[in-house]
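Here is the structure we will look at.
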Amino acid sequence: MQKYWIETYGCQMNKAESDAIIRQLKHAGWKEASGPEDADIAVINTCSVRETAEERIEGRLGFYGFLKSKRNSHLKLALMGCMAERLKEEIIERFPQVDVVVGTFNKKKFVELLTSNKEDLTLLHDFLLTEQDEYSFEKIHHSDSAYKAFVPIMHGCNNFCSYCIVPYVRGREISRNPSDIFKEIETLLNDGVKEITLLGQNVNSYRYTEGSKTLDFASLLNKICEKFPELPWLRFLTSHPKDLSQDIVDVMAENRAICRHIHLPVQHGSDDILKRMNRRYTSSHYMSLIYMLRKAMPDISITTDILIGFPGETEDDVEMTLSLMREAGFSDSYMYYYNPRKGTKAYEWEDTIPIEEKKHRLAKVIELQKELSYNWRKKKIGKRLGVLVESVSKKDARELLARTEQDEMLVFAGDKSKIGDFTTVEILSLEGNTFKAREV
Ligand code: SAM
Ligand code: SF4
Ligand code: F3S
């Protein structure tokens, strides 16, 4: 039996696409290897969003070079995803240990090759599967028995934020046929899935046209809730502020299956920087969205992405970001300092902020977010909340890890037979960003 090993880096879209491949390989009779030492093929599904992401992958390529020369000479290595798409031929030149480069658009062809030529992987040598086919969605993006699943509904990005590589490696936006989305959700619910997250680089720009009919994101959410009243929790990622409408907020408020959480990346609090980032909204428009969301759903948690140290950023710009964060009251943030990405618009501008200063500014942002996360969570101590149990806690095997509807993590003592169940807990205390709780 042939064995595969897949390593996935980057965002949830990569995770969903890796899961779709794993599912197909398993169906074709492949088995998961216990590690790369023991595999016939290893696939690294890569990310290009920041230089640090690529450096990490280069480190893995070094490891695989050693593995192939010393320990597992029959191993074939495939580099897949955004970094493969960005560098193409350069990968084979720089990293001869890579046998096949699979970009974003030819994952399907790659799986067909693997499943049809299982016994003769030499066929993979030097294959470059990067020419731009139209992106196609897989049927099911879920590989194991987990009760949580991602369902991609749109792919690509038309926004071209001036710092971002994604539109270059993922291509233009396409929306998935709604009947395929419904079929996937139906299969997942039959498999016992309890929480579905709709995915897209810009999920709320979903728009599917067939004949004279157009389905937008608000209508899609409504349809999913109508068709699947048994679906307990529905989430979606990532929303762009310019495409968040009152309609979407109304659908969220009206359907209790849609979790009271939204991830709405603001990136920055200065209008000058937002303009040069090409985000197409102002800080006051962003704040008007926050008020709209909180008015419709007072208990909603709002998380964000912050990108600090953009070319030309002043101390005042940083202060504006800190003050927007305070006003918005984010319950969590992903915070990064700016990395120039070759090929993007901002790459042509001078990277004016020295790395030490970027780190210093980022530290201020992180410090404030710690305070905001604490302020958001402390109100919940003593309360009872419904949670979905995810796994055994990594820190203590006697504890279970669970998540609230508002996307907060907690641990409580319990038996692993509860994994995948909804239960009610009382929040006892807070350690970092994680609640300690007890089941009631
Ligand atoms: N589509 C989402 C949006 O518009 O908010 C974001 C997707 S992007 C993959 C995830 C995050 O990576 C961005 O929100 C941004 O904060 C960060 N990011 C993108 N390009 C970056 C860069 N050049 N340097 C540092 N962080 C970056
Ligand atoms: Fe990148 Fe902007 Fe597209 Fe998000 S919306 S993926 S940040 S270009
Ligand atoms: Fe990275 Fe590609 Fe996702 S660049 S963040 S894996 S879309």
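The values are calculated or read from the model by the stated rules, or taken from the named source; none is laboratory data. Nothing here was measured: the structure is a model prediction, and the numbers come from that model. Cβ coordinates were reconstructed from backbone atoms using ideal geometry, including for glycine residues, and neighbour counts include every protein chain displayed. Just the protein is used for accessible areas: all its heavy atoms, side chains included, with ligands, DNA and RNA removed. Shrake-Rupley method; radii C 1.70, N 1.55, O 1.52, S 1.80 Å.
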Whole-Hz couplings from phi, Karplus 6.51/-1.76/1.60, listed for the range 422-432; x for Gly and Pro: 8, 8, 10, 10, 9, 7, 9, 7, 10, 10, x
Karplus-derived 3J(HN,Hα), 6.51/-1.76/1.60, for each residue of the range 66-73, Hz, glycine and proline x: 5, 4, 5, 7, 10, 10, 9, 6
Lys, Arg +1 and Asp, Glu -1 on Cβ, resulting dipole of the chain about Cα centre, debye, nearest 20: 820 debye
Test item: Cα-centred dipole of the range 384-439, Lys/Arg +1 and Asp/Glu -1 on Cβ, debye: 180 debye
Size of charge dipole - the range 3-126 - debye, nearest 20, with Cβ of Lys, Arg +1 and Asp, Glu -1, no other charges: 300 debye
Derived scalar couplings ³J(HN,Hα) [the range 93-99; Karplus, 6.51 cos²θ - 1.76 cosθ + 1.60; whole Hz; x for Gly, Pro]: 5, 7, 10, x, 5, 7, 8
F236 long-range amide H proximity, modeled H, under 5 Å: L198
Highest average packing first - 362-372, 208-218, 79-89, Cβ atoms within 10 Å: 79-89, 362-372, 208-218
Listed residues V440, F422, W349: farthest to the positive end of the dipole of the range 331-440 (Cβ charges): V440
Amide hydrogen neighbours beyond the local backbone of L401, cut-off 5 Å, H modeled: E390, S391, V392, S393
Cysteines in the chain that, by Cβ-Cβ distance, have no pairing candidate under 4.7 Å: C11, C47, C82, C157, C225, C259
Under 16 Å from the Cα of K242 - aspartates and glutamates, other chains or at least 8 residues apart: E173, D216, D271, D305
Amide hydrogen neighbours beyond the local backbone of C161, cut-off 5 Å, H modeled: none
Flagged links, alpha-carbon separation over 20 Å, of K31/K395; K108/K139; K227/K416: K31/K395; K227/K416
Most positive-pole-ward Cα, N202, S270, T214, against dipole of the range 176-283 from beta carbon charges: S270
Top positive-direction residue, dipole computed over the range 1-95 with Cβ charges, set C11, V43, L87: V43
Gyration tensor (alpha-carbon) shape descriptor, the range 138-226, a/c threshold 1.5: oblate
Cross-link pairs K15/K194; K107/K342; K15/K394; K370/K394; K26/K183; K68/K359 - those with Cα-Cα distance over 27 Å: K68/K359
Heavy-atom accessible surface of the chain: percent carbon and sulfur, 1.4 Å: 50 percent
